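Below is one structure, written out as structure tokens; comments come after it.
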Amino acid sequence: MNSNLQNNDYGNTKMQWSFITNLNYMQISSYLQNMFLKMEKAYVSETVFMILKEILMNANRANSKKIFLEKNNINTENAEDYQVGLSRFKNEIISNWDSLKGGITDSSYYVSLDIAIVDDKILFTILNNSTLLPIEEERIKTRIEKSENYKTVIDAYKDMGDKSESAGLGIVMSVLLLRNIGLSKNNIKLNRKENETSFVIEIPKEIVPLQVSSQIKDRLLIEVRSLPSLSTSLQKIISLCTDPDMNMKDLIDSIEKNPSVSAEILKLANSVGFIMKSKSMSISQAVKIIGVKAILRLLYAMGSMNVMNKAYSRMEAQWEHSRRASFYASLIIKDLGLGKLGESVISGALLHNIGRILLLSVDKEIFPVIQELTHNRATENSKVLEEAAIGLSYSRLGGMLADKWNFPEDLKCIIEFHQQPYMAPEKYRKITEIVYLANNLAANIQGKVHFFSLNDEILNNFKITSEEDFENLYKKYEERYKKEGME
């Protein structure tokens, strides 16, 4: 009963499942992305997907709970029996979710998602053919009302924890995410009928996103303004690189007169695979092999890394991730024969995380909470929750740093859009997609990347069509990194 999401009439379709799989969620995400891109509202696609996924998961769970209670002859009209049955359901099923898939698939229960454009709004209707008990309906409505008490998702998390039963924190979070794009609890409606439960999410075609304010956001903006510019000596070399009448000998002489710059250029170039490693290679040889454009981007990388390292200590884990992502990006380029893109991609991958380093340095508590929320919801993209909790994402924060240091447009786009490459200008989309893939492969160091939360269209562009393909590519690149990148 699973539906095929190949309907090109975006905004008017119905999908139905007996059991919603991770692959189905991946397909829904891609569908929404394309739908909102067509409507020139791409910035809301991740938010809407996160809300829909939360409600669809609860609907899936509600059906499974109904089956479990019926199978075990639990009297749901008796409050005590119901609580015992609910406790058993949590212990026996929620902790071993896949074990119930067959039971749901073979039952008459289903979940559907209907998307319709009506006048000036888009209506998303999630329906499952099992009825909420009165106590369950009251609990959900209470939580929707309670969402008014919270300013951000983090406030709700701290108050409720992330182990609330069923629709607890998720329902509150959905309302707060709606608020973040300029809507309210009035845009989500719960309806209970005999043998049917539905949620309707109403998204106007014209919305004005809320400018979330927070103390952390204010501190971050102050921090961006207070960070120093790139060093004067570095800026002089950058000026030489960008001079249309640049003389190669003058550039090489200028680099050679600056021992720290010379050493860093060779170190960075070697560490991310620009050139073959050679202890005897000179700056003159390096510049000629790498090229002026690549040298320029390495200078930006070196300069910003120096500023960040002086301002913020103990961020080695973040830089290690960035180095790994940059090395992986260099391998992707080689594998695809896209060497001309290397000058932007390798440095961009090295710098993609600078906003996260700044965020972690200013507030050490909030990002781990956001990471836990995203991990528990099987997603790799923390951007939506960061915007709802703080008022801006780490990738946008990185874009602000790129502006401050006058990075070339290609580097800025990689930094700002590496979480959502489809938002990048067409001119820079391919390089941003490469860094998106490299970043997620590098994040898989402990095997914790949720493959089905990744963008399937981007993966298909790199001929990655299954979880096995992704894992095999990761293992291949990590083996190379341990042999070459860590030397």
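Every number here is computed from the coordinates shown, using simple stated rules; none is lab data. Small disclaimer: the values here were computed from a predicted structure and weren't measured. Cβ sites come from the backbone with ideal geometry, for glycine too, and all protein chains shown count toward neighbours.
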Subject >> the range 13-204: C-alpha pair distances exceeding 24 Å, % >> reply: 40 percent
**OP:** Highest first, please rank the peptides 120-128, 345-353, 293-301 by the mean number of other Cβ atoms sitting within 10 Å of their residues.
**Re:** 345-353, 293-301, 120-128
**OP:** Multiply the residue separation of residue 70 and residue 314 by 0.36 nm, subtract the distance between their alpha-carbon atoms, and state the gained length in nm to one decimal.
**Re:** 82.4 nm
Original post:
Each residue of the range 219-229 in turn: what ³J(HN,Hα) in whole Hz from Karplus with 6.51, -1.76, 1.60 and θ = phi - 60°, glycine and Pro shown as x?
Top reply: 5, 5, 5, 5, 5, 4, 5, 8, 5, x, 6
**OP:** Run the quick spin-label model on residue 38 and residue 242: label points 7 Å from Cα toward the beta carbon, then report their separation in nm to one decimal.
**Re:** 4.1 nm
Original post:
Using r as the Cβ-Cβ distance of residue 479 and residue 114, and R0 as 60 Å, what FRET efficiency do you calculate, to the nearest 0.05?
Top reply: 0.80
Subject >> Net lengthening on full extension, residue 138/residue 22 (0.36 nm per residue, minus Cα-Cα) >> reply: 38.8 nm
Original post:
Across the chain, how large is the tail of the calculated P(r) beyond 38 Å, expressed as a percent of all Cα pairs?
Top reply: 32 percent
**OP:** Please give the helix 45-71 orientation as an angle from the longest Cα principal axis of the chain, in degrees from 0 to 90, rounded to the nearest 10.
**Re:** 40 degrees
Original post:
So what is the diffusion coefficient of the range 215-485 in µm² per second by Stokes-Einstein at 10 °C and 1.306 mPa s, using a Kirkwood Rh over Cα pairs?
Top reply: 83 µm²/s
**OP:** Of the listed pairs 334/483; 249/293; 151/412, which have alpha-carbon separations greater than 19 Å here?
**Re:** 151/412
Subject >> Label-point gap, in nm, between residue 194 and residue 253 - each point 7 angstrom along Cα→Cβ >> reply: 9.3 nm
Original post:
How large is Rg over Rh for the range 389-442, taking Rg from the Cα atoms and Rh as the Kirkwood inverse mean of 1/r across Cα pairs?
Top reply: 0.97
Original post:
Add -39500 (n - 2.57) for each DSSP H run of 4 or more in the chain, then divide by its residues: what number comes out at 222 nm, to the nearest 500 deg cm²/dmol?
Top reply: -18000 deg cm²/dmol
Subject >> Ranked by how many other beta carbons lie within 10 Å on average, peptides 306-315, 61-70, 107-116, 240-249 from highest >> reply: 61-70, 107-116, 306-315, 240-249
Subject >> residue 105-residue 83 pseudo-label distance in nm [points 7 Å out on the Cα-to-Cβ vector] >> reply: 3.7 nm
Original post:
By count of other Cβ within 10 Å, fewest leading, how are 84, 208 ordered?
Top reply: 208, 84
**OP:** Determine, for each peptide in 326-335, 18-27, the mean count of other beta carbons within 10 angstrom over its residues, then list the peptides with the highest first.
**Re:** 326-335, 18-27
